[in-house]
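Structure first, then comments.
Since every read-out is calculated from the coordinates, none of them should be taken as a lab result. Everything quoted here is computed from the prediction, not taken from an experiment.
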Amino acid sequence: MDMTRPGEVLDLAISGQQTASAKLIDTDRDWSTDRAIARDAELLSAQLQAMRDRLYAPASNKMLRRFSSGEAARLIGVSDGYLRQLSIAGDGPQPETGAGGRRYYSLGDINGLRRHLAEQNPAKARTYLPRRDEAKGEHMQVIAVTNFKGGSGKTTTSAHLAQHLALAGYRVLAIDLDPQASLSALFGYQPELDLDGNDTLYAAIRYDDEGRPLSEVIRNTYFDGLDIVPGNLELQEFEHTTPQMLAARQGDDKDGPMFFARVQAALATVAERYDVVVMDCPPQLGFLTLSALCAATSVLVTIHPQMLDVASMSQFLFMTADLLSVVRSAGGELSFDFMRYLVTRYEPNDGPQTQIVGFLRSLFGERVLTAPLVKSTAFSDAGLTKQTLYEVSRESFSRATYDRAMESLTAVNGEIESLLMKAWNRPA
Ligand SMILES: Nc1ncnc2c1ncn2[C@@H]1O[C@H](COP(=O)(O)OP(=O)(O)O)[C@@H](O)[C@H]1O
Ligand SMILES: [Mg+2]
């Protein structure tokens, strides 16, 4: 064997040396495995695109459903009758009318009405339009949803929280920090199709001169008032370039902020556009997560109440505490308005789970949110079509299933929203 195959070259380049086991690999088989993986990737990607075309026909894009007048009235915080009056009088943005004169409101209509009502009643503006007031010292809130355990519900929590806040009338930015890009997928992005290079948060925090302002990588979503910075594998670059920068650093500022200050610096450039930022962190404690934690004004640690998950969470907490203290001694600033544990995928009828939740509450007290996110097929079934509970209609499930999941979700998001209000010094 005197010919070296491309796969082998790559192998050697990666490992930097030829190991005994590498020599034993059947190179023919190895080479065809590479091709099979590449072909599988293409097949899968094409199928995913076809599924998306079918699901979101005709535009191949996700759209948010319209809301009944009852739902719209509840979201705005007025009576259905008042909304009807406004519509009859032609006052403010007008909804679409369907069969039987039924009125349907898009989230854009609802936000239009909020602005209209706020203008008409300046004294009560805040009740219609809950946006933050910089002049009152209400800072942009940055929530990091984290835990290095995969499957602990980070992405589900992030997506539903961001959408809840957008539906409530806040200006929200969701950031996908996970190279696996599940949050982006939930919002209808297929990374390999919809993203070019340099389209993620990495573009706004990278060290070389290829960087782009954060505003350039922000995309609108089909939720009025909710923007997203999608993710893909490129985010992983930050884990490779940061150690190189740290090693080469001369102690001057020509390279821009230290790694732990980079996400914060990027967010500062768009702060006047948003009330709340929700960051879906990757399931690892790397430089990216650390930089996100330093940018955060609050932290949500999602935890599935099973013994193995709780055990790994203690590792996560130790490591986080260690790393954060290193960052702090290097000049990083850390101050959180709140830090909370959120119990996820909870099954109230499962004895061991209930015991673990009790155990967590006895240890951490009020730092465990009162409301857990219950396990429900409503979440996982909606996820199959890349939707959240806010997107699917109630008719898609048995009423009991939908209502139970929605009740839990409303309680969780309500509790988080009240923590945000507290951080803004607003009355509960
Ligand atoms: N409350 C829930 N009930 C049922 N399934 C859930 C729930 N929360 C999450 N899941 C499912 O569990 C899986 C992992 O959740 P995810 O939010 O992606 O976790 P993470 O982001 O921490 O990896 C997903 O398939 C999701 O649909
Ligand atoms: Mg995730």
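Summary table below
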{"read-out": "Rounded to whole Hz, the Karplus (6.51, -1.76, 1.60) HN-Hα couplings of segment 281-286, x for glycine and proline", "value": "7, x, x, 7, 9, x"}
{"read-out": "In degrees, nearest ten, helix 107-120 long axis to first principal axis of the chain (Cα)", "value": "50 degrees"}
{"read-out": "Built amide H within the under 5 Å cut-off of Ala174, gap 5+", "value": "Asp227, Ile228, Val229, Val278"}
{"read-out": "Segment 207-258 versus segment 370-387: alpha-carbon centroid distance in Å", "value": "31 Å"}
{"read-out": "J(HN,Hα) series, segment 127-137, from Karplus relation 6.51 cos²θ - 1.76 cosθ + 1.60, nearest Hz, glycine and proline x", "value": "5, 8, 10, x, 3, 6, 10, 4, 4, 8, x"}
{"read-out": "Amide H contacts under 5 Å for Met339, placed H, 5+ residues apart", "value": "Val299"}
{"read-out": "Whole-angstrom Cα spans of segment 67-128 along principal axes, big to small", "value": "37, 20, 19"}
{"read-out": "Ellipsoid equivalent to the chain - semi-axes via the Cα gyration tensor, in Å", "value": "40, 27, 24"}
{"read-out": "Links that overshoot a 24 Å alpha carbon limit, given the list Lys149/Lys422; Lys62/Lys154; Lys154/Lys386; Lys62/Lys149", "value": "Lys149/Lys422; Lys62/Lys149"}
{"read-out": "Linear extension gain, Leu246 paired with Tyr104, 0.36 nm per residue minus alpha-carbon span", "value": "45.6 nm"}
{"read-out": "Considering only the chain, percent of DSSP beta bridges that pair antiparallel, nearest 5", "value": "20 percent"}
{"read-out": "Extension gain (nm, one decimal) between Ser396 and Glu192, 0.36 nm per residue minus Cα-Cα", "value": "70.4 nm"}
{"read-out": "Under-5 Å amide H pairs with Thr302, H placed in peptide plane, nonlocal only", "value": "Thr146, Leu342"}
{"read-out": "³J(HN,Hα), Karplus 6.51/-1.76/1.60, whole Hz, each residue of segment 37-44, x for Gly, Pro", "value": "5, 4, 5, 4, 4, 5, 4, 5"}
{"read-out": "Between 0 and 90°, nearest 10: helix 351-364 axis offset from the chain longest Cα axis", "value": "90 degrees"}
{"read-out": "Fully extended contour minus Cα-Cα distance, from Arg54 to Ala123, at 0.36 nm per residue", "value": "20.1 nm"}
